[in-house]
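Undergrad: If you scroll down you'll find the structure; I have some questions about it.
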Amino acid sequence: LIESGQTVKASVSIATKQSGPVKGANVVGEIRGSDLPGEVVILGAHLDSWDLGTGCLDNGVNAVGVIEAAQAIVASGKRPRRTIRFVLFDGEEYGLFGSRAYVTRHRDELDSVAAVIVHDMGQDRIQGYSLGGRPELEPGLREAMSRIDDARGLNHTRDAFIGSDHFDFQLEGIPALVAIQDTTSYVLPYHSEVDTFDKVDMDQVRARASIAAGTIFGLANTGHRIGPRLDREGVESMLRRSGMADQMKFLELWDDWESGKRGRQAAP
């Protein structure tokens, strides 16, 4: 009609309601380390989704992947040196609430967290991990993944971005990695009513869970941490160098960092 030169009018009626405040919860489990139980590596994904569909690609496949990784490690009968903690974060879609709450509640224990891995971009092939603006983490990550056949062709990236549950761990100076992957099947259903179970490719889900299990187990067993926890000055340098500072300013998050409301605290 528009192409024929006619004026088109549309009337839309959308019925919405607000439920008011609700309580959410993270789901946490762990495999206790054998000789370094006080050091922790975290494998996480967010449990919540947008209400329009059933959230299968964002982020059901990755929540399942965390559970499958835990089951695979238990089934192997091998104990990791460090403790592996598996966390399904709630409230990611509404503002990273679950991961921020985790970091806030466990702030006194964060020196013991050696690394965090988050999976949150659908189900397709993992192309590598984002190093969160910290290229010095790559040698240790490659060492941790050295026994994973599928890891040889991965290209880890040095970029850094805000939009998932790794963010508050990064602000605390902890090495925090995010799976980077082909998003071919992810983009169209993203945050829509067609994000449903019929889009799930179980072979892809199994392959991702396998890489997740191998990577987190490798990080738990390396002879040394893949990188240190940065102090506040180190975190701010990383934020500015990687461009995350500009992202935070655009999203009105920078004031929380500058005021000390969010992120690594200055040394007393």
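The values are calculated or read from the model by the stated rules, or taken from the named source; none is laboratory data. Since the model is a prediction, treat every value here as computed from it, not as a measurement. Every residue, glycine as well, gets a Cβ built from its backbone with ideal geometry; the counts of neighbours run over all protein chains shown. Side chains are part of the model used for accessible areas, which takes the heavy atoms of the whole protein and leaves out ligands, DNA and RNA. Shrake-Rupley method; radii C 1.70, N 1.55, O 1.52, S 1.80 Å.
Undergrad: Within the range 231-251, restricting attention to residues that are out of contact with any Phe, Trp or Tyr (no Cβ under 8 Å at 6 or more places or on another chain) and either of a type in the set (A, V, I, L, M) or under 16 Å from residue 100 (Cα atoms) (or both), which residue is most open to solvent (accessible area, probe 1.4 Å)?
TA: For the range 231-251, the residue satisfying everything is 251.
Undergrad: Being under 19 Å from the mean Cα position of the chain (by Cα) and within 17 Å of residue 159 (Cα to Cα) is the filter here, so list the residues in the range 246-268 that pass it.
TA: Those that are under 19 Å from the mean Cα position of the chain (by Cα) and within 17 Å of residue 159 (Cα to Cα): 247, 248.
Undergrad: Within the range 25-39, does at least one residue satisfy the condition of being open to solvent by less than 60 Å² (accessible area, probe 1.4 Å) and modelled with pLDDT under 95?
TA: No, the range 25-39 contains no residue that is open to solvent by less than 60 Å² (accessible area, probe 1.4 Å) and modelled with pLDDT under 95.
Undergrad: Next up: Being at pLDDT 95 or above and more than 12 Å from the chain's Cα centre (by Cα) is the filter here, so list the residues in the range 114-130 that pass it.
TA: Hit for the range 114-130 is 114, nothing else.
Undergrad: Sticking with this structure for a sec: Name every residue in the range 74-90 that is open to solvent by 10 Å² or more (accessible area, probe 1.4 Å) and either among the acidic types (Asp, Glu) or out of contact with any Asp or Glu (no Cβ under 6 Å at 6 or more places or on another chain) (or both), in order of residue number.
TA: 74, 75, 76, 77, 78, 79, 86, 88, 90
Undergrad: Can you tell which of 137, 171, 154, 188 is over 19 Å from residue 66 (Cα atoms), of a type in the set (A, V, I, L, M, F, W, C), open to solvent by less than 10 Å² (accessible area, probe 1.4 Å) and modelled with pLDDT under 90?
TA: None of the other options fit; the residue is 154.
Undergrad: Oh, and also: Which members of the range 61-93 meet the condition of being assigned to a loop (DSSP other than H, G, I, E, B) and under 18 Å from the mean Cα position of the chain (by Cα)?
TA: 90, 91, 92, 93 - these are the residues of the range 61-93 that are assigned to a loop (DSSP other than H, G, I, E, B) and under 18 Å from the mean Cα position of the chain (by Cα).
Undergrad: Give 223, 153, 227 a once-over and let me know the one that is under 30 Å from residue 76 (Cα atoms) and touching a helix residue (DSSP H, G or I) at 6+ places or on another chain (Cβ under 6 Å).
TA: Being under 30 Å from residue 76 (Cα atoms) and touching a helix residue (DSSP H, G or I) at 6+ places or on another chain (Cβ under 6 Å) holds for just one of 223, 153, 227, which is 227.
Undergrad: If you take the residues in the range 204-230 that are among the small types (Gly, Ala, Ser) and assigned to a loop (DSSP other than H, G, I, E, B), which one is most open to solvent (accessible area, probe 1.4 Å)?
TA: The qualifying residue most open to solvent (accessible area, probe 1.4 Å) is 223.
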